[in-house]
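Colleague: Provided herewith is a single structure, encoded as structure tokens, for subsequent inquiry.
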Amino acid sequence: MARVFSGIQPSGGMHLGNLLGALRNWVAYQHEHDAVYCVVDLHALTTAPDPAELRDNTVAAATMLMSVGIDPDRSTLFLQSSVSEHAELAWMMECTVGFGELRRMTQFKDKSDRSEFVSAGLFTYPALQASDILLYDTDLVPVGDDQRQHIELCRDIAERFNRRYGDTFVVPAHVIPETGARVMDLQNPDDKMSKSLESAGTVGVLEDPDSVTRKFKRAVTDSDNEVRYDPAAKPGVSNLIGILAAATGQNPVSVADEYSQYGPLKSDTADAVNELLNPIRDRFAELSSDPAEIARVLAAGADKAHTVAATTLERARTNAGLIPRQPT
Ligand code: AQP
């Protein structure tokens, strides 16, 4: 069975972009693949979050993954920091990736431009991400479009390591959905919807339905009043069409054909999104009442993940010339 791996940062409340761009695919993949999913809490440290907030966000992220439909009986679900092999292999990845390659990453450029303090970890983030993926002999990585460049770099790192040291890693491919791969901010449709940008244009998965409806009603469009799917020329309107298409499993061009005015497009999109989010909100409330069960799932997932990760790490260490660890 092909293996699928992906991760999400506990950097705040999950939003519609996370759901449509990534999490829905994660749920679909667990049925016919060996699925490994991870809350990447070490990545969240790159921006020095408040420790209590990080703890809360980490538990909430794991609860959210189960709420959207990740089934711990089908998928391995764990916290990145519980499996120490991630951090150890990351060092080997840092020694394999080029400084120039990291400097070209657009996500680093964007995030460093808006940060007062730019940590070295933010810069080397793609090396840790490569470690996350390669530790599990991953074939497929379901992600949103913003992660395309990182996964391509991960492939380059795996190929370089394999050339240097012999066959060590499976070279993974990204899987990016046809609709929902790039959900844009409703107020600034040139920017992607994001957890860490506090914007009135971000739609939280757990947000109150009336607030979701209000945000769609106030979504930025344009003044020519023509419903057409053209993300470059009409980013706001195309974003609404893309969200409605992704939420209802349709094609954006045929969705656009059904509307001649912005008002009905906005209210139908809000309704479709609320319909998608309502059962997730209910499930989240239910699961949150039993934190011990979440902790149990994560501990069992970490044990399972550790078994695979330890084997891959040992192979990488040996191939690179490190002396195998001797049992004491
Ligand atoms: N706007 C988006 N549209 C589609 N997919 C998206 N993803 C993120 N934003 C969008 C996908 O969600 C998965 C998990 O994201 P992440 O938290 O690991 O990465 P991120 O890019 O850092 O997400 P955010 O929401 O923008 O968080 P912050 O603000 O913390 O940086 C990934 O598969 C990503 O592609």
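Colleague: Checking the condition farther than 21 Å from Ile157 by Cα and small (Gly, Ala, Ser), which residue from Ala90, Ala62 passes?
Modeller: Unique residue meeting the criteria: Ala62.
Colleague: Here is a follow-up. Considering only the stretch 215-241, state which residues are touching a helix residue (DSSP H, G or I) at 6+ places or on another chain (Cβ under 8 Å) and open to solvent by less than 30 Å² (accessible area, probe 1.4 Å).
Modeller: Residues satisfying the conditions are Phe216, Ala219, Val227, Val237, Ser238, Leu240, Ile241.
Colleague: Restricting attention to the stretch 292-328, which residues are among the β-branched types (Val, Ile, Thr) and more than 24 Å from the chain's Cα centre (by Cα)?
Modeller: Of the residues in the stretch 292-328, the ones among the β-branched types (Val, Ile, Thr) are 294, 297, 307-308, 311-312, 318, 323, 328.
Selection gives Thr311, Thr318, Ile323, Thr328.
Colleague: Please find, within the stretch 1-15, the residue that is most open to solvent (accessible area, probe 1.4 Å) out of those that are aliphatic (A, V, I, L, M), more than 8 Å from the ligand (Cβ to nearest atom) and touching a residue at least 40 places away in the same chain (Cβ under 8 Å). If you could, list the steps in order and put the result at the bottom.
Modeller: Of the residues in the stretch 1-15, the ones aliphatic (A, V, I, L, M) are 1-2, 4, 8, 14.
Okay, now just the ones that are also more than 8 Å from the ligand (Cβ to nearest atom), so 1-2, 4.
Add one more test, that the residue is touching a residue at least 40 places away in the same chain (Cβ under 8 Å), and what stays is 2, 4.
Values: Ala2: 39, Val4: 0 Å².
Here the residue is Ala2.
Colleague: So, one more: Tell me yes or no: at least one residue of the stretch 116-124 is in contact (Cβ under 8 Å) with a residue 60 or more places away in the chain and surrounded by fewer than 15 Cβ atoms within 10 Å (Cβ to Cβ).
Modeller: Taking every residue of the stretch 116-124 in turn, at least one turns out to be in contact (Cβ under 8 Å) with a residue 60 or more places away in the chain and surrounded by fewer than 15 Cβ atoms within 10 Å (Cβ to Cβ).
Colleague: Look at the stretch 177-206 and say how many of its residues are within 8 Å of the ligand (Cβ to nearest atom) and out of contact with any Ser or Thr (no Cβ under 6 Å at 6 or more places or on another chain).
Modeller: Number satisfying all stated conditions: 8.
Colleague: Also, I was wondering about something else. Does any residue of the stretch 32-47 turn out to be closer than 29 Å to Arg325 by Cβ, in a strand (DSSP E or B) and of a type in the set (Gly, Ala, Ser)?
Modeller: Looking through the stretch 32-47, none of the residues is closer than 29 Å to Arg325 by Cβ, in a strand (DSSP E or B) and of a type in the set (Gly, Ala, Ser).
Colleague: For the stretch 193-214, name all the residues that are crowded, with 18+ Cβ neighbours inside 10 Å and either among the basic types (Lys, Arg) or in a loop (DSSP other than H, G, I, E, B) (or both).
Modeller: Passing the criteria: Met193, Ser194, Lys195, Gly201, Thr202, Val203, Val205, Glu207.
Colleague: Kindly indicate whether Ala60 is out of contact with any strand residue (DSSP E or B) (no Cβ under 7 Å at 6 or more places or on another chain) and outside any strand (DSSP E or B).
Modeller: So Ala60 fits the description; yes.
So that you can scan it fast, the table gives a plain yes or no per residue for (1) among the aromatic types (Phe, Trp, Tyr); (2) open to solvent by 40 Å² or more (accessible area, probe 1.4 Å); (3) closer than 23 Å to Lys111 by Cβ:
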residue	(1), (2), (3)
Leu19	no, no, yes
Arg24	no, yes, no
Glu53	no, yes, yes
Thr58	no, no, yes
Ala61	no, no, yes
Asp71	no, yes, no
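Colleague: Within the stretch 33-45, is even one residue open to solvent by 20 Å² or more (accessible area, probe 1.4 Å), more than 15 Å from the ligand (Cβ to nearest atom), over 13 Å from the mean Cα position of the chain (by Cα) and farther than 25 Å from Val203 by Cβ?
Modeller: Checked the stretch 33-45: at least one residue is open to solvent by 20 Å² or more (accessible area, probe 1.4 Å), more than 15 Å from the ligand (Cβ to nearest atom), over 13 Å from the mean Cα position of the chain (by Cα) and farther than 25 Å from Val203 by Cβ.
Colleague: Every residue in the stretch 91-113 that is in contact (Cβ under 8 Å) with a residue 60 or more places away in the chain and either farther than 14 Å from His43 by Cβ or in a loop (DSSP other than H, G, I, E, B) (or both), please.
Modeller: Met92, Thr96, Val97
Colleague: Tell me whether the stretch 209-229 contains one or more residues that are within 30 Å of Ser11 (Cβ to Cβ) and within 13 Å of the ligand (Cβ to nearest atom). Please lay out each step first, then the result.
Modeller: Going residue by residue through the stretch 209-229, those that are within 30 Å of Ser11 (Cβ to Cβ) are 209-221.
Going one step further and asking which of them are within 13 Å of the ligand (Cβ to nearest atom), we end up with none.
No, the stretch 209-229 has no match at all.
Colleague: Quick one: which residue in Gln149, Gln129 is in contact (Cβ under 8 Å) with a residue 12 or more places away in the chain and surrounded by 19 or more Cβ atoms within 10 Å (Cβ to Cβ)?
Modeller: Gln129
Colleague: Oh, and also: If you scan the stretch 63-90, which residues turn out to be assigned to a helix (DSSP H, G or I) and under 17 Å from His306 (Cβ atoms)?
Modeller: Gln80, Ser81, Ser82, Glu85, His86, Ala87, Glu88, Leu89, Ala90
Colleague: Further, regarding this structure: Name the residue that is farthest from the chain's Cα centre (by Cα), counting only residues in the stretch 16-32 that are of a type in the set (A, V, I, L, M, F, W, C) and away from the ligand (no atom under 11 Å from the Cβ).
Modeller: Taking the stretch 16-32 first, the residues of a type in the set (A, V, I, L, M, F, W, C) are 16, 19-20, 22-23, 26-28.
Now restrict to residues that are away from the ligand (no atom under 11 Å from the Cβ): 27-28.
Values: Val27: 13, Ala28: 15 Å.
Here the answer is Ala28.
The values are calculated or read from the model by the stated rules, or taken from the named source; none is laboratory data. Remember, predicted model here, so these are calculated numbers, not experimental data. Counting neighbours? That spans all protein chains shown, and the Cβs are built from the backbone with ideal geometry, glycine included. Heavy atoms of the whole protein, side chains included, go into the accessibility calculation; ligands, DNA and RNA do not. Shrake-Rupley method; radii C 1.70, N 1.55, O 1.52, S 1.80 Å.
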